[in-house]
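The values are calculated or read from the model by the stated rules, or taken from the named source; none is laboratory data. Please read these numbers as outputs of a predicted model, since none were measured by experiment. Note that each Cβ is placed from the backbone with ideal geometry, even for glycine, and that neighbours are counted across all protein chains shown. We work out accessible area using only protein heavy atoms, side chains counted, and drop any ligands, DNA or RNA first. Shrake-Rupley method; radii C 1.70, N 1.55, O 1.52, S 1.80 Å.
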Amino acid sequence: MRVYVVIPKKYNRFLEEELALVRTIYRDIVGYEVVGGRNNKTYLSTRKIEKLRALEFNKLVVMDRLRPPQLINLVREIKRDVIDRVLLILEIFAIHAGSREALLQIELAKLKYTLPLVKEAIRYAKLGELHGFLGAGRYGYEKYYLMLKKKEVRLRRETENLRLVREIQRRARRELGLPHVVIVGYTCAGKTSLFNAITKLARPIGPEPFTTLTPKAFRVNYKDTNFILIDTVGFIRDIPPEIIEAFYATLEEVVESDLIINIVDISKPIHSIVEEINTSREILRKIGAHGKPAIYVLNKIDKIPVNTNLLEEINKHIGDNEEIIPVSCIRGVNIDLLLEKIYVKLNRR
Ligand code: GDP
Ligand code: MG
């Protein structure tokens, strides 16, 4: 699948992260551009659309939230598949869902988001346009719509049933005894790199795609302690409100964990770092993981030396139960020290 990416100006600061999000699902990005103006009907200007029509790709990924008419109009104009940032993030969530329940919640969110699109598509499908958009080709959009509606009812029922089962499972897992250590952090902070550094598991890491898609829990043995290390989907910037519940569902492993490793890219400007730390603490509070022991891992010290100002600044923003350690996952600096800290924290429980 060859994709072309359109990124709104507001994400200019996070260009690398936005592209990394796309790469999580689509490895073959043939090009991208940052766009400014917004067209009410088609999101992109007529000139941009003309340009895109001449380019070779199969799918357009617009890293913004599109209204249903905008998305459908873009499909009609460009004559290729189009997805927006919300649909992309939902795909990423689906891949990371740690349980059947999380997956169901994500599917429900996707249905809710897709139904208005299909409704809009029905209008055009009658004119014979939009062939195959959203995978509805074989059915026709009206049948597709009905099918989705039925699926929604089924998913709702199943989610309810699962809630009960899960409570029992959770207790069983606790009794198994191994503590859980989860790695969280923003896209590109180095979660997977840290996971690899600790597990010494030679797995490909970003910018390679499909980095965190495969099973991401690993049993680690250190001294006389065993624990399960988990690489999570982490925090994605600017989650659209419609899918916030689904987002929290992907973080359920964090709620059930014994220790949180929050990894931060310290080669970023200090205000971004502080902003990320505050936002992630806010998210942790929302999902009920606040107050758990945490270690802040300041990653990429090979790129930038840690200075005491930064350490002091970060110290102001973290809690009593939390501490800081600078590392380089790529160079393997301080990973052993981190392991020791994990060990101490786990045994202090
Ligand atoms: P994730 O999105 O949090 O899982 O981040 P990844 O582990 O995939 O890493 C994102 C990018 O940061 C990759 O290009 C890594 O090579 C790079 N990276 C990770 N750790 C380090 C580090 O210690 N130093 C440097 N310079 N780059 C790193
Ligand atoms: Mg990763």
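Listed here are the residues, each with its yes/no results for (1) away from ligand 2 (no atom under 16 Å from the Cβ); (2) under 27 Å from Ile92 (Cβ atoms); (3) touching a residue at least 40 places away in the same chain (Cβ under 8 Å); (4) in contact with a strand residue (DSSP E or B) (Cβ under 7 Å, 6 or more places away or on another chain).
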site: Glu252; (1), (2), (3), (4): yes, yes, yes, no
site: Leu259; (1), (2), (3), (4): yes, yes, yes, yes
site: Ile273; (1), (2), (3), (4): yes, yes, yes, yes
site: Glu282; (1), (2), (3), (4): yes, yes, no, no
site: Gly288; (1), (2), (3), (4): yes, yes, no, no
site: Lys292; (1), (2), (3), (4): yes, yes, no, yes
site: Tyr343; (1), (2), (3), (4): yes, no, yes, yes
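Answer yes or no: is there a residue in the range 228-237 that is closer than 26 Å to Asp84 by Cα, part of a strand (DSSP E or B) and either open to solvent by less than 10 Å² (accessible area, probe 1.4 Å) or more than 15 Å from ligand 2 (Cβ to nearest atom) (or both). The answer is yes, given that some residue of the range 228-237 is closer than 26 Å to Asp84 by Cα, part of a strand (DSSP E or B) and either open to solvent by less than 10 Å² (accessible area, probe 1.4 Å) or more than 15 Å from ligand 2 (Cβ to nearest atom) (or both). Val5 meets the stated requirement of being at pLDDT 95 or above and open to solvent by less than 10 Å² (accessible area, probe 1.4 Å).
Conditions tested, residue by residue: (1) surrounded by 12 or more Cβ atoms within 10 Å (Cβ to Cβ); (2) under 23 Å from the mean Cα position of the chain (by Cα).
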| site | (1), (2) |
| --- | --- |
| Arg285 | no, yes |
| Ile301 | yes, no |
| Ile304 | yes, no |
| Lys316 | no, no |
| Leu339 | yes, no |
| Arg349 | no, no |
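Anything in the range 247-295 that is part of a loop (DSSP other than H, G, I, E, B), in contact with a helix residue (DSSP H, G or I) (Cβ under 7 Å, 6 or more places away or on another chain) and under 18 Å from Leu310 (Cα atoms)? List them, or say none.
At the first step, the residues of the range 247-295 found to be part of a loop (DSSP other than H, G, I, E, B) are 251, 256-258, 266-269, 288-293.
Next, only the ones that are in contact with a helix residue (DSSP H, G or I) (Cβ under 7 Å, 6 or more places away or on another chain) stay: 251, 256, 258, 266, 288-290, 293.
Ile266, the sole residue that qualifies.
Yes/no per residue for (1) open to solvent by less than 60 Å² (accessible area, probe 1.4 Å); (2) away from ligand 2 (no atom under 16 Å from the Cβ); (3) among the hydrophobic types (A, V, I, L, M, F, W, C); (4) within 22 Å of Tyr124 (Cβ to Cβ):
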{"residue": "Asn40", "(1), (2), (3), (4)": "no, yes, no, yes"}
{"residue": "Ser45", "(1), (2), (3), (4)": "yes, yes, no, yes"}
{"residue": "Ala54", "(1), (2), (3), (4)": "no, yes, yes, no"}
{"residue": "Phe57", "(1), (2), (3), (4)": "yes, yes, yes, yes"}
{"residue": "Pro68", "(1), (2), (3), (4)": "yes, yes, no, yes"}
{"residue": "Asp81", "(1), (2), (3), (4)": "yes, yes, no, yes"}
{"residue": "Ile95", "(1), (2), (3), (4)": "no, no, yes, no"}
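Out of Leu346, Leu311, Leu298, Leu339, which single residue is closer than 21 Å to Glu276 by Cβ and part of a helix (DSSP H, G or I)? Being closer than 21 Å to Glu276 by Cβ and part of a helix (DSSP H, G or I) holds for just one of Leu346, Leu311, Leu298, Leu339, which is Leu311. The C-beta contact set for the range 187-211 (first residue within 15 Å of His96 (Cβ to Cβ) and modelled with pLDDT under 50, second residue in a helix (DSSP H, G or I) and charged (D, E, K, R), distance under 7 angstrom, 6+ apart or interchain) comprises Pro209/Arg23.
Determine which member of the set Glu242, Glu312, Glu323 is of a type in the set (D, E, K, R), surrounded by fewer than 21 Cβ atoms within 10 Å (Cβ to Cβ) and closer than 27 Å to Phe93 by Cβ. Explain how you work it out, then say what you get.
Values: Glu312 fails: closer than 27 Å to Phe93 by Cβ; Glu323 fails: closer than 27 Å to Phe93 by Cβ.
Just one listed residue meets the conditions, Glu242.
Taking the criterion of being within 16 Å of ligand 1 (Cβ to nearest atom) and part of a strand (DSSP E or B), the residues of the range 318-332 that qualify are Ile324, Ile325, Pro326, Ser328. What number goes with the only condition from (1) in a helix (DSSP H, G or I); (2) modelled with pLDDT under 80 that Tyr145 does not pass? With (1) in a helix (DSSP H, G or I); (2) modelled with pLDDT under 80 applied to Tyr145, the lone miss is (2).
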